[in-house]
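Please treat every number below as a calculation from the coordinates, not as lab data. Quick caveat, the model's predicted, so the values are computed rather than measured. Note that we place each Cβ from the backbone using ideal geometry, even for glycine, and neighbour counts take in every protein chain shown.
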């Protein structure tokens, strides 16, 4: 209780400081949402997790942005063009964009966005000195001799060494946010905690163990809702790790937005169809959307010698057929999400097509037949399977283990901390591991890249190698015809289904819960919280 009082007191001080130019009779509209994981950096080059990405998205801008339908829209760039050979991208920037008011600028003129800031931002992202997790975006794609150019203050040019159709979508990622060269040189190593962007909100204070407070950028260049700057006066992010407590705070109107599900609390909010229960509809809203996230169990193909049965794809196929995903989703997820029925590319992308890429349905008899054909009838002769997972997915992993035990297979579950699980996946120490892949950008290639043999872990945690797949992948990333590219995606996806280096579980669905006084929520398949269009309205239950 004492820490909660400290938390509230700190933010009241921050809020008071932000009201100095506001009449005491005015109402300050501050949107308050919770992130269960703390922000680790406000530097876009380190936007590697949702908690960082959401905050960075509020503070910074990118050349292009995606709307709620994942269609590309202008942002810092008002227009762009691509040469016929797909190698040169030219962006024409808005001329009225200014960075947030900050002590790093000696004069107002220094606050103006220049194309050189884009060049600096992208060069910084790929700098070996920074060693940023987002450096992979341009690795092997841009011309090493002249990757980025600024012919003048409002023109930016990107040069590729070979065509790569997803590049425009990738430029909307938070990694590609444009930072101020002046600010980075001024703050140096402290850039992580002193973000200076051009986004709709600017950083007021970040207390790493408590929360983040942002205030409206009065100089924001976009015309939000036809009225200029954002409607909200501020955005507050708290870091309550216990999701159950966060949901209770939401129901008590202490927090205005919570994202995701909490397994021990889900039945308090949702019915079996994934809709709000009647007694909750007067208090909160639920916004659902397809989420470009695939949940799966990965098989380390380099380690299958330690469990010979896994080297036979018939065994891996049997493990896929043995899972009743419909029951799993109903009993454990209240039908938030759908069974993974079409390989690795999730629902929400144009290249998702269950007819062109049939996946695995529950078929226990077929699973038993495949095991028998592989020489492991009723699991006899198989080494026990050891699944590594974290506590958040223990329920799903337990469900899968029981399904496999119905085949006569012995299964054990090894519970790891999330960080240890990721490290084991990266080093290749785990035979079977619970994993997920959330889209960095909305293109099927971003999921198929998990199995390209030239890529390390990440993204190729399964160490999958298949020459036919690799050949198709190389063709696809160079193909500029969208329909031909989609067919190549289908061919690759069918290979993954057939070879089964993963156990497909489900395609996720985002679930965003808000109080009734919040309007303007836009859902999207990237589950990126958009706050610049939000409004607070009076509401009576």
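Among 163-170, 374-381, 118-125, the peptide with the highest mean count of other Cβ atoms within 10 Å heads the list, and the full ranking is 118-125, 163-170, 374-381. Given their separation in residues at 0.36 nm each and the Cα-Cα distance between them, residue 311 and residue 454 gain 49.4 nm when the chain is fully extended. Taking all C-alpha pairs of the chain, those more than 31 Å from each other amount to 51 percent. Cβ-Cβ distance of residue 161 and residue 278, R₀ of 56 Å, FRET efficiency by 1/(1 + (r/R0)^6): the value works out to about 0.45.
Across the chain, the mean sequence separation of Cα contacts (distance under 8 Å, 6 or more residues apart), normalised by length, yields a relative contact order of 18 percent. Set against the 2.2 N^0.38 Å expectation for a compact globular protein, segment 42-198 has a Cα radius of gyration ratio of 0.98.
Relative to one another, the C-alpha centroids of segment 370-413 and segment 225-274 are positioned 36 Å apart.
Each part gets one Cα centre, and for segment 163-195 versus segment 512-533 those centres are 24 Å apart. The packing ranking of peptides 229-241, 323-335, 468-480, highest mean first, is 229-241, 323-335, 468-480, where packing means the average number of other beta carbon atoms within 10 angstrom of each residue. Between residue 487 and residue 470, residue separation times 0.36 nm minus the direct Cα-Cα distance comes to 4.6 nm.
Over all Cα atoms in segment 374-453, the spread is summed up by Rg and Dmax: 15.0, 44 Å.
I want the antiparallel fraction of DSSP beta bridges within the chain, as a percent rounded to 5. In the chain, DSSP labels about 80 percent of beta bridges as antiparallel. Label point of residue 264 set 7 angstrom out along Cα-Cβ; within segment 218-247, amide nitrogens under 14 Å from it belong to 241-247.
According to the Kirkwood relation over distinct C-alpha pairs, the hydrodynamic radius of segment 264-402 is 17.3 Å. Ordering 210-217, 382-389, 87-94, 453-460 by mean Cβ neighbour count within 10 Å, with the highest value first, yields 210-217, 382-389, 87-94, 453-460.
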